[in-house]
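Every number in this text was worked out from the coordinates using simple rules, so none of it is lab data. Remember, it's a predicted structure, so these values are computed and weren't measured experimentally. Every residue, glycine as well, gets a Cβ built from its backbone with ideal geometry; the counts of neighbours run over all protein chains shown.
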Amino acid sequence: MTVTGRQEALQAVNTLISNGGTNIADGLKKGAKVLIDRKWKNPVGSIILLSDGQDTYTVSSPGGARPRSDYQSLLPLSIHRNGGTSLHIPVHAFGFGADHDAASMHSISESSGGTFSFIEAESVIQDAFAQCIGGLLSVVVQELQVRVECVHPRLQLGSIRAGKERDFLVTVDIPVDGSCNEMSLLKVGCVYKDPITKESVTFEEADVLKIQRPEITGDLVVSVEVDRQRNRLRAAEAMAEARAAAERGDLAGAVFILECCHKALSETMSMQAGDRLCAALGAELRAMQERMANRHVYESSGRAYVLSGLSSHSWQRATARGDSTDRTSLVQAYQTPSMVDMVNRSQTMIFGSPSPQPSVRRLRQARSFPARPQPR
């Protein structure tokens with residue numbers, strides 16, 4: 001934005017007034033209209049939605065309570081991921097405080113391809129926004145589609161599960177074959193859209209993934225990278241199962257699920273090797289257990305904390321929850337260098353002043369998790 005553009009934006013913000021109530025649906029419609037109608041369209045343009053309450057205007061049942069199944073109706077059709085419009089508008093939702101509708105806002109973000117963050121304290125809002133904006137500034141490709149082709153005729157592809165860097169864990173059933181010492185397994189390719197040129201780019205991997213099939217094998221060597229990705233998926237699945245149990249009212253069962261997952265992770269090779277992602281997953285599982293101590297705690301913060309974690313692991317993208325933007329927090333997964341830079345700027349500047357403040361905390365310059373554990 002130009003200097004004049006910034007001044008005009010601030011003037012527009014300063015003219016806004018509130019008169020009570022929460023109207024999420026109309027807010028989203030207005031945001032979508034602004035993005036669709038503007039002359040110059042940013043290919044990574046997004047809506048940031050901050051709400052501290054329940055929607056009091058839209059989709060009310062006769063008794064005044066909104067059915068949980070109607071969350072999707074809060075999202076304008078023009079910004080659904082499958083809405084058919086040429087302009088894709090993700091909604092990055094931020095639930096603030098104990099009274100916001102975490103389930104609704106998480107549903108909105110998931111439907112639009114955005115993320116959901118839980119803002120527990122007012123002091124975290126600016127850092128959380130900075131982290132989100134840093135993520136938008138680091139987009140390099142859009143609409144990525146990965147294609148995995150089985151080369152061996154009897155190879156069975158079990159599943160492909162994804163998590164900017166994205167990690168994909170591919171499960172395959174490798175057949176017994178004593179006819180050769182080397183077996184060809186997979187070919188990988190992808191197609192994506194360049195956000196600048198808006199052109200589709202096709203990439204074909206020339207090399208074929210192969211494995212050795214000797215008659216005699218040595219000691220089993222576990223890949224740290226594969227092990228940590230299995231732990232990531234295991235933790236995300238446990239979080240989803242625990243959330244489902246908590247919504248049924250079975251908080252004890254939810255805590256048990258999280259405890260079992262934490263114990264299983266602690267016995268893995270990557271956790272025992274000090275892998276930072278696994279340490280972060282363990283800290284997150286413990287935090288979720290604490291927020292399921294009783295129904296009041298779960299309703300006020302536990303549900304939002306879990307949903308924000310699920311959003312983060314689903315998209316492999318950093319979301320704010322608790323103190324996750326603070327450098328002392330272990331729950332720091334998926335931050336890109338651009339996110340770290342923006343949070344640094346947020347924490348060292350007061351709004352409207354370019355001068356760094358000497359009393360505020362600083363983040364370290366790198367926060368991505370290494371592929372292999374570093375020596376102590």
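List of remarks:
- Kirkwood Rh in Å, taken over the range 83-149 so that all alpha-carbon pairs contribute: 13.7 Å
- Shown is the FRET efficiency for ARG154 and VAL191, computed with R0 = 30 Å from the Cβ-Cβ distance and rounded to the nearest 0.05: 0.60.
- ASP207 versus ALA283: modelled label distance in nm, points set 7 Å from Cα along the beta carbon direction: 3.4 nm
- Measuring max minus min along each principal axis, the C-alpha atoms of the range 142-212 give extents of 50, 24, 17 Å (largest first).
- Put simply, when 265-273, 307-315 are sorted by average Cβ atoms within 10 angstrom per residue, most first, you get 307-315, 265-273.
- Cα-based shape type of the range 241-282, given that a ≥ b ≥ c are square roots of the gyration tensor eigenvalues and the cut on a/c is 1.5: prolate
- Percent antiparallel among DSSP beta bridges (both partners in the range 86-197, rounded to 5): 75 percent
- Per-peptide average of other Cβ atoms within 10 Å, ordering 206-212, 27-33 highest first: 27-33, 206-212
- In whole percents, the pair-distance distribution calculated for the range 224-315 from its alpha-carbon pairs, binned every 10 Å from zero, is 18, 52, 25, 5.
- At R0 = 45 Å, FRET efficiency that the Cβ-Cβ distance of ARG38 and SER300 yields, to 0.05: 0.70
- Per-peptide packing, taken as the mean over residues of other Cβ atoms within 10 Å, places 220-226, 282-288, 186-192 in the sequence 282-288, 186-192, 220-226 from highest down.
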